[in-house]
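Structure record follows, encoded as structure tokens.
The values are calculated or read from the model by the stated rules, or taken from the named source; none is laboratory data. Small disclaimer: the values here were computed from a predicted structure and weren't measured. Here the Cβ positions follow ideal geometry from the backbone for every residue, glycine too, while neighbour counts run over all protein chains shown. Accessible surface is based on the protein model in full, side chains and every heavy atom, while ligands, DNA and RNA are left aside. Shrake-Rupley method; radii C 1.70, N 1.55, O 1.52, S 1.80 Å.
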Amino acid sequence: MMRRWLFCAFLLALLVTVVPLTTTAQPQSTSNADEARAVVAALNEWRIGLGLAPMRPNPILEKMALDQARYILEQPQIPSGAEIHTGRNGEDPRTRALYPQYGWPVYGQTDQLVLSEIAAARPNVQGAINFWRGSDIHNRTVTNGWYREVGAAVLPYRLGFVYLIVIASQPNVLPALADPRGDTLYLSNETYPRGRGDWIRNADQVRLFDSQGRPLGDWQPWTATLPLPDTSGDSLFVIYQAGTAEAVTEVSLRPADVLLPQYADAWGGAIVVAAPTNTPTPRPTSSGGATLATNTPAPNPTSVLAVNTVPPQATSVPPTATSGGSSSAPAGPSVTLAYTASTLTLFADRAGINLGGLVLTNGTTSIRVASLQAQFIRGTIQSFGARDCLFITIDRSITTPTVSCGFTSTTFFEASRAIWRSDFRVERGGQTVASCSASAGRCVIPMG
């Protein structure tokens, strides 16, 4: 009897000891600053090697990245493919960026938001960089000249780290990066061609000021790099100008703030995340010594349809469009809608068509094509690619269009928004350009 009691006591003690070891560990809540600096520095080195401007850390983008990285590590396993970018509510990064807690500024319109996200679960920074370099869609994202700011979150997991990077741009924010050891100043520029608003575009000249607002020379033509001037202090200011439009940015001269790999020996403390700057008041003059003032652009919070993203699909060109099941198609440019009970796919018969003004409606519910996810197409909504497809699905298990597409972006809808299940019409500029039958499964919209 005593032996049985001792054996039971031993088993109980064993269970008490072992059970806590099998529980899932909580993910780390703060980003690894060293790894975050290193991955941003590696991305900047990559871009500089291609003649592109390096990116400046931004605290809003860093928060976005960290929140998504934490969510990823809460999952039973790290999601693969596009799912690693899907948020708690099924939304994609561009949708999250417009949430009030981030309020990332847009270029005049909600659908004109310049932001993307890349991620990798790898043992180290070089592994992540190699993965992104070897992936066409990640490579194109990193090397897109539209992007000027970055937020990095790096959290450990059992096989290494999850690297979550959000890159973006906003109006009137043109960062610069100083390389004191290389006597080089790297400048950025506004190259995003769309959106409506009053902000600096394609700066054509710049002027430098010291940390006290004293000029370090006259205006000079904009170039991607400038020799770093001799100046005292820990920073300088760059004013960009295009016509009467101006934007100003402060640039740190401290080696600890330079996010390039060759400055790793100088890094210390938390990763530097600079607040964005705008045109200063007062404006410095050639004779004045006023200190430049900076201000953060007001956020533009809003909400848009939750969307998701998928990588490019097959590489074949979509088939020739037909209307209502017939074999004929308009002589001029056209866009085709192919739909099933659960999906709708939009593709064009040629490149360069502007889809921004198209609206699908059944009289009570409408779908604005300009609001659909378009992150992973080769063209844009305003200049659609001949091999691009916009894909809508109400069934998350269906992620592939019924037609062959070169590059696909996916938007998830609630079933209540599947207006193609009944007859609907397509409008442009308030005028009906096509009437579509639910039973046809295909509808051609003339775009001439």
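Numbers at a glance
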| item | result |
| --- | --- |
| Candidates 166, 173 - the one that is surrounded by 22 or more Cβ atoms within 10 Å (Cβ to Cβ), of a type in the set (A, V, I, L, M, F, W, C), touching a residue at least 40 places away in the same chain (Cβ under 8 Å) and part of a loop (DSSP other than H, G, I, E, B) | 173 |
| Residues of region 83-135 satisfying the condition of being part of a strand (DSSP E or B) and touching a Pro at 6+ places or on another chain (Cβ under 8 Å) | 115, 116, 117 |
| Positions within region 212-239 being within 18 Å of residue 257 (Cβ to Cβ) and in contact (Cβ under 8 Å) with a residue 60 or more places away in the chain, in sequence order | 238 |
| Hits in region 343-365 (condition: surrounded by 16 or more Cβ atoms within 10 Å (Cβ to Cβ) and of a type in the set (D, E, K, R)) | 349 |
| Leading residue by the ranking (farthest from the chain's Cα centre (by Cα)) among those in region 130-156 that are among the β-branched types (Val, Ile, Thr) and open to solvent by less than 10 Å² (accessible area, probe 1.4 Å) | 154 |
| Every pair of residues 6+ apart whose Cβ atoms lie under 8 Å, when the first sits in region 344-355 and is in contact (Cβ under 8 Å) with a residue 60 or more places away in the chain while the second is of a type in the set (D, E, K, R) | 348/388 |
| Selection within region 108-121 - under 19 Å from residue 86 (Cα atoms) and not small (Gly, Ala, Ser) | 111, 113, 114, 115, 117, 118 |
| Residue 365 vs. criteria β-branched (Val, Ile, Thr), in contact (Cβ under 8 Å) with a residue 40 or more places away in the chain and within 22 Å of residue 96 (Cα to Cα) | no |
| Tally of residues being open to solvent by less than 20 Å² (accessible area, probe 1.4 Å), part of a loop (DSSP other than H, G, I, E, B) and under 20 Å from residue 146 (Cα atoms) across region 198-244 | 2 |
| From the options 397, 404, 416, residue that is surrounded by fewer than 22 Cβ atoms within 10 Å (Cβ to Cβ), within 21 Å of residue 444 (Cα to Cα) and out of contact with any strand residue (DSSP E or B) (no Cβ under 8 Å at 6 or more places or on another chain) | 404 |
| Selected residue (only one of 247, 264 is aliphatic (A, V, I, L, M), modelled with pLDDT of 90 or more, under 21 Å from residue 165 (Cα atoms) and not in a loop (DSSP other than H, G, I, E, B)) | 264 |
| Single match in 373, 431, 382 (criterion: closer than 22 Å to residue 95 by Cα and open to solvent by 30 Å² or more (accessible area, probe 1.4 Å)) | 382 |
| Any hit, region 402-420, residues being hydrophobic (A, V, I, L, M, F, W, C), without any contact (Cβ under 8 Å) to a residue 40 or more places away in the chain and under 25 Å from residue 89 (Cα atoms) | yes |
| Residue that is surrounded by the most Cβ atoms within 10 Å (Cβ to Cβ), among those in region 77-98 that are farther than 25 Å from residue 32 by Cα and at pLDDT below 90 | 91 |
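To keep it simple, each residue is scored yes or no on (1) within 18 Å of residue 174 (Cα to Cα); (2) aliphatic (A, V, I, L, M); (3) open to solvent by less than 10 Å² (accessible area, probe 1.4 Å); (4) touching a residue at least 40 places away in the same chain (Cβ under 8 Å).
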{"residue": "36", "(1), (2), (3), (4)": "no, yes, yes, yes"}
{"residue": "39", "(1), (2), (3), (4)": "no, yes, yes, yes"}
{"residue": "42", "(1), (2), (3), (4)": "no, yes, no, yes"}
{"residue": "45", "(1), (2), (3), (4)": "no, no, no, yes"}
{"residue": "56", "(1), (2), (3), (4)": "yes, no, no, yes"}
{"residue": "63", "(1), (2), (3), (4)": "no, no, no, yes"}
{"residue": "70", "(1), (2), (3), (4)": "no, no, no, yes"}
{"residue": "73", "(1), (2), (3), (4)": "no, yes, no, yes"}
